[in-house]
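Input: a single structure, listed below in structure tokens.
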Amino acid sequence: MRTDEIEMMRLVATGFSEKEIALRTQRSVKSVESSTYRLRKKLGVSDRVEVAKIAVEAGLVSIGILGADSPPPDVLSDRQREILSLVGEGLRMKDVADRCDLSAKAASSHKDRAMNRLGLRDKVAVYHYCQLHGLTPGSTRPAQPDQRPAITDVSPLAGNQPPLTSEPSS
């Protein structure tokens, strides 16, 4: 992968919107949208959550860099926690609704309420939150958010870049 593609992957996985990425990279929003589309196509994924998963696996970003300041999952109802964990796995809302035997609108409503309660703004933040709090299979559940281990095993995709650990600005 090219260096600019790796940087785009890091920014997407950290939860930056296309507009925020455009401001950071001094590119047009249209150019960023085109680049993220080509990146997803090159990686063989369909959305930002899957890009975040690959970036975490490659060591480009640390697990849970978004959602660390959010309340614990016990503030959610069982249904909200279930739906949020499925969204955190990268499932589409139609698939979440099918698994939970709900309408897509009801599932989306549960997801929106859970995200509002936790202060999460997008599915990438949900992914990081679920990883941090052990809500998805294979996720880690550290004792303290400040004691999360940083991923240091950087794959050949990452080059020599350290893991990105800062949150996007609001």
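The values are calculated or read from the model by the stated rules, or taken from the named source; none is laboratory data. None of the values given here were measured: they were computed from a predicted structure. Every residue, glycine as well, gets a Cβ built from its backbone with ideal geometry; the counts of neighbours run over all protein chains shown. SASA here: full protein model, heavy atoms, side chains in, ligands and nucleic acids out. Shrake-Rupley method; radii C 1.70, N 1.55, O 1.52, S 1.80 Å.
At a glance:
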read-out	value
Region 111-127: number of residues that are in contact with a helix residue (DSSP H, G or I) (Cβ under 7 Å, 6 or more places away or on another chain) and in a helix (DSSP H, G or I)	10
Region 69-82: number of residues that are assigned to a helix (DSSP H, G or I) and either of a type outside the set (A, V, I, L, M, F, W, C) or farther than 15 Å from Cys130 by Cβ (or both)	7
Complete set of residues in region 83-113 that are over 14 Å from Gln131 (Cα atoms) and either among the charged types (D, E, K, R) or open to solvent by 70 Å² or more (accessible area, probe 1.4 Å) (or both)	Arg92, Lys94, Asp95, Asp98, Arg99, Asp101, Lys105, Lys111, Asp112, Arg113
Index of the failed condition, Leu91 passing every other in (1) within 14 Å of the chain's Cα centre (by Cα); (2) in contact (Cβ under 8 Å) with a residue 12 or more places away in the chain	(2)
Leu135 being in a loop (DSSP other than H, G, I, E, B), crowded, with 20+ Cβ neighbours inside 10 Å, modelled with pLDDT of 65 or more and in contact with a helix residue (DSSP H, G or I) (Cβ under 7 Å, 6 or more places away or on another chain)	yes
Answer residue from region 24-46, given it is part of a helix (DSSP H, G or I) and of a type in the set (Val, Ile, Thr) and is surrounded by the fewest Cβ atoms within 10 Å (Cβ to Cβ) among those	Val29
Complete set of residues in region 89-110 that are touching a helix residue (DSSP H, G or I) at 6+ places or on another chain (Cβ under 7 Å), in a loop (DSSP other than H, G, I, E, B) and at pLDDT 90 or above	Ser103
Cβ pairs under 9 Å, 6+ apart, first in region 113-126 and more than 13 Å from Ala52 (Cβ to Cβ), second assigned to a loop (DSSP other than H, G, I, E, B) and basic (Lys, Arg)	Met115/Arg121
